[in-house]
Amino acid sequence: MAEQGLKEKTANGLLWGGISQGGQQMLNLVFGIFLARLLTPADYGIVGMLTIFTLIANSLQESGFISALNRKKNVTAEDFNAVFWFNVLCSVLVYGLLFAAAPLIAMWFRQPVLVPLSRLLFLSFVISSLGTSLRAWLFRNMMVRQSTIVNLIALVVSGVTGVTLAWNGFAYWGIAVQNLTYCLMMTTGSWCYCRWRPTWHIDLRPLRGMLGFSSKLLITNIFTYVNNNLFSIFLGRLYGEREVGYYNQANKWTGMGYTFLTGMVWSVTQPLFARLSEDETERRCRVFRKMLRLTAFLSFPALFGLALIAPEFIEITITAKWLPAAELMQILCVGGAFVPIASFYSNFIISQGRSNVYMWNTIALCLVQMLLLVCLFPLGIRVMVVAYVVVGALWLFVWHAFARRMLALRLRDALRDILPFFGIAVVAMALAWVAARPLSDNIYVSLLVKVGVAAAVYLLLLRWLGAQIMSECLDFLKSKFGRRK
């Protein structure tokens, strides 16, 4: 009964996680199209230069406590309260430091407008700090449906705000205010749904038991954010805001593709594996492999498909002025197909309390990618992006080597779960590209043919090969949305 209950809760969590991420990416798509049509690559580049600072600041105020609270066996109200006040105090301190550093940031990028813009944009992590503990409470209790509602409302309100400001000529200021509005709505919504409330009694002593775990996640997240935004930092310094704008646009659409999957899996992976006993070795391995197959089943066709249609997608949605971003987007999408799988491995490792493994593995990956970018810089941005993507994909073998120690899963078994979906997706995309090539003069027809042929070939091949994961997904959806007798 307990196993059936956990299975049902996991399935429902995946369903609502999928609805959340699907709705989120759809709204991001709609509002992103409007903003990209209204704004220029330079406008996006200006805000993109500040992305790394915002992400690091958000990591500092959250400090990995959401995962730390999730894995703690017996969590109390005092634990949540300590995290709440730590986040608030830390965010105020970090904002003060960045407020003072704004002129230096503007000097590095040679953009004086970054002084007032950064001081406005950085308020977002102060606002977010008021809701971190509440989001951790929702996450721990697997309240994915409530988190979905909050997220979608926040996206709608912030998206309308950003488009309205851009329409009225506020340019990059509209993007900054959109980010602030999103953080405000997320925090407000979390307060509405969370049944826990902080108190005015400030006692940080409960953090002692979580600092060892959370600090490793903090260091890891900072390295990850720096690594993921290296291009924005150096392109902004060496080439200017237009190149940053093109890269950020390509990276944004690619990120929307794999974030849908990583967010859906993340919403249940850590809570699920944290509740499975280490003594249940066979059960954990069975659950892991099923989740691995599900991730590969969705990831490869989604991201390879996005790479296939990137030129048509860019020109139709945000006009030909953004076409230089299409080639970069194709390269990033191929690498992005492996991101959800790597994220699944890392989430499993975190759920086992091995944040040290997660930290050092991520730092090693980041250092290797940074070294490659420095060495390959004279060869141009495309060569750097290709190298970045290849290393990220090959690093899956490293993730597996660490996960195997906790799971007793052989590499060949993991490859059996992943490679069939990889191969079928490649075949489907190749046939779709061949079918659409004679129709390349009409981008609308070409887009429809590519999508139709790729989807049909992928699903038919899976059906012909008898893929069990597809049947299980269809059966679950029918049980949820089909007619009930």
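Six or more apart or on different chains, Cβ under 7 Å: which pairs go from a residue in region 29-40 that's more than 15 Å from VAL157 (Cα to Cα) and surrounded by 15 or more Cβ atoms within 10 Å (Cβ to Cβ) to one that's at pLDDT below 75 and hydroxyl-bearing (Ser, Thr, Tyr)? Could you list them?
Close Cβ pairs (under 7 Å, with a partner that is at pLDDT below 75 and hydroxyl-bearing (Ser, Thr, Tyr)) do not exist here.
Which numbered condition in (1) modelled with pLDDT under 85; (2) more than 24 Å from the chain's Cα centre (by Cα); (3) open to solvent by 40 Å² or more (accessible area, probe 1.4 Å) is the only one that LEU372 fails?
Of the numbered conditions (1) modelled with pLDDT under 85; (2) more than 24 Å from the chain's Cα centre (by Cα); (3) open to solvent by 40 Å² or more (accessible area, probe 1.4 Å), the odd one out for LEU372 is (2).
Check VAL434, VAL453, VAL426, VAL385 and return the single one that is within 30 Å of ILE469 (Cα to Cα), in a helix (DSSP H, G or I) and open to solvent by less than 50 Å² (accessible area, probe 1.4 Å).
From the options VAL434, VAL453, VAL426, VAL385, the qualifying one is VAL453.
Among the residues of region 180-197, how many are surrounded by fewer than 19 Cβ atoms within 10 Å (Cβ to Cβ) and in a loop (DSSP other than H, G, I, E, B)?
Matching residues across region 180-197 total 3.
How many residues, within region 158-179, are within 11 Å of PHE34 (Cα to Cα) and surrounded by 20 or more Cβ atoms within 10 Å (Cβ to Cβ)?
Residues meeting the conditions: 4.
Can you pull out the residues in region 138-149 that are open to solvent by less than 50 Å² (accessible area, probe 1.4 Å) and free of Cβ contacts under 8 Å to residues at least 60 places away in the same chain?
LEU138, MET143, GLN146
Can you confirm whether VAL157 is among the hydrophobic types (A, V, I, L, M, F, W, C), more than 20 Å from the chain's Cα centre (by Cα) and assigned to a helix (DSSP H, G or I)?
yes
Taking the stated definitions as given, is SER440 closer than 19 Å to MET329 by Cα, at pLDDT below 90 and of a type in the set (S, T, N, Q)?
So SER440 passes the test.
So ALA106 fits all but one of (1) of a type outside the set (S, T, N, Q); (2) closer than 23 Å to PHE260 by Cα; (3) touching a Pro at 6+ places or on another chain (Cβ under 8 Å); what number is the exception?
Every listed condition holds for ALA106 apart from (2).
Can we say PHE402 is part of a helix (DSSP H, G or I) and within 15 Å of LEU298 (Cα to Cα)?
No.
Which residue pairs have Cβ atoms under 6 Å apart, sit 6 or more places apart or on different chains, and have a first residue in region 194-222 that is closer than 25 Å to SER346 by Cβ and a second that is modelled with pLDDT under 75 and part of a loop (DSSP other than H, G, I, E, B)?
From residues that are closer than 25 Å to SER346 by Cβ, the pairs are SER214/SER63; SER214/GLY64; LEU217/GLY64; LEU218/SER63; LEU218/GLY64.
Of all the residues that make up region 169-202, how many are closer than 22 Å to GLY45 by Cβ and out of contact with any helix residue (DSSP H, G or I) (no Cβ under 8 Å at 6 or more places or on another chain)?
The qualifying residues number 1.
Would region 324-342 turn up any residue that is under 19 Å from the mean Cα position of the chain (by Cα), surrounded by 22 or more Cβ atoms within 10 Å (Cβ to Cβ), farther than 22 Å from ASP417 by Cβ and at pLDDT below 85?
No, the conditions are met nowhere in region 324-342.
So which residues in region 109-125 are touching a residue at least 60 places away in the same chain (Cβ under 8 Å), out of contact with any Gly (no Cβ under 9 Å at 6 or more places or on another chain) and assigned to a helix (DSSP H, G or I), if there are any at all?
Hits for region 109-125 are LEU114, LEU117, SER118, LEU120, LEU121, SER124, PHE125.
Just checking, how many residues over region 281-307 are farther than 16 Å from PHE260 by Cα and open to solvent by less than 20 Å² (accessible area, probe 1.4 Å)?
2
Can you tell me which condition TYR458 does not meet? The list is (1) of a type in the set (Ser, Thr, Tyr); (2) open to solvent by less than 60 Å² (accessible area, probe 1.4 Å); (3) at pLDDT below 90, and all the others hold.
Checking TYR458 against (1) of a type in the set (Ser, Thr, Tyr); (2) open to solvent by less than 60 Å² (accessible area, probe 1.4 Å); (3) at pLDDT below 90, the one that fails is (3).
Filter region 405-423 down to residues that are part of a helix (DSSP H, G or I) and charged (D, E, K, R) and give me whichever is surrounded by the most Cβ atoms within 10 Å (Cβ to Cβ).
ASP417
Checking VAL115 against (1) at pLDDT 75 or above; (2) of a type in the set (A, V, I, L, M, F, W, C); (3) buried (at least 20 other Cβ atoms within 10 Å of the Cβ), which test does it fail?
(3)
The values are calculated or read from the model by the stated rules, or taken from the named source; none is laboratory data. What you see is a predicted model; the values in this text were computed from it and never measured. Methodologically, a virtual Cβ is constructed for each residue, glycine included, from the backbone with ideal geometry; neighbour enumeration extends over all protein chains shown. In case anyone asks, the SASA skips ligands and DNA or RNA and just uses the protein heavy atoms, side chains included. Shrake-Rupley method; radii C 1.70, N 1.55, O 1.52, S 1.80 Å.
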